[in-house]
Amino acid sequence: MEKNPWTINGEKQLYTNSWITLTEYDVTNPGGGKGIYGKVHFKNIAVGVIVLDEDLNTYLVGQYRFPLHAYSWEIPEGGSPEGTDPLENAKRELREETGLVAMNWALLYKMHLSNSVSDELAIVYLATGLTGYESSPEETEQLVVKKMPFEEAYQMVEKGLITDSISVAAILKVKLLFAEGRLK
């Protein structure tokens, strides 16, 4: 089942900018039908950081998300340009967005965010051993940082108040690690 059942008959790049490339493929699908398939290639790996302090608080970042036309609460996130170290970029994003620096880092998971139309990969880390500094968001970010008990963030996921896929997956993964006794 690992053999590609799709045939690519041609392709054309429709759009590119600093973050994405949109390509349209002329394809023959697995059933033999002819059609088109669009793919968004992301030029960055998405990196996310869920933090836990010694009192089991976490930090969320709130911001208006232009594509959604809505406000969103998320774990600290950003991009890791191709060819760079995702962990170093996650550390940078955490400091920029929250002003936090963590002593301990662990890979939490890797996931594809919308694999029916894009190749975007996300890598998420768990960060502990926190020290606070001053944040320095990018000019495109107008952020609100909120410290809260981890359980409150979990309840926000349960109530549908956090919808960002990286954040939902990270919070649910940490909740599972608590339930399994692998985090205390």
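The table that follows gives values for the structure above.
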{"read-out": "In region 1-25, the residues that are in contact with a strand residue (DSSP E or B) (Cβ under 6 Å, 6 or more places away or on another chain) and part of a loop (DSSP other than H, G, I, E, B)", "value": "W6"}
{"read-out": "Among the residues listed as I123, I166, the single one being touching a Lys or Arg at 6+ places or on another chain (Cβ under 6 Å), within 30 Å of Y15 (Cβ to Cβ) and either outside the structural domain of Y37 (by TED's automatic domain parsing) or not hydroxyl-bearing (S, T, Y) (or both)", "value": "I123"}
{"read-out": "Any hit, region 63-72, residues being buried (at least 16 other Cβ atoms within 10 Å of the Cβ) and at pLDDT 95 or above", "value": "yes"}
{"read-out": "Pairs where the first residue, in region 34-56, is of a type in the set (A, V, I, L, M) and the second is in a loop (DSSP other than H, G, I, E, B) and surrounded by 14 or more Cβ atoms within 10 Å (Cβ to Cβ), C-beta under 7 Å, 6+ apart", "value": "A46/L113; A46/E120; V49/I75; V49/P76; I50/I75"}
{"read-out": "In region 143-176, the residues that are without any contact (Cβ under 8 Å) to a residue 40 or more places away in the chain, within 17 Å of L108 (Cα to Cα) and of a type in the set (A, V, I, L, M, F, W, C)", "value": "V168, L172, L176"}
{"read-out": "Residues (farther than 19 Å from E82 by Cβ and of a type in the set (V, I, T)) located in region 104-135", "value": "V117, T128, T131"}
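The values are calculated or read from the model by the stated rules, or taken from the named source; none is laboratory data. Please read these numbers as outputs of a predicted model, since none were measured by experiment. Here the Cβ is made from the backbone with ideal geometry for all residues, glycine too, and neighbour counts use every protein chain on show.
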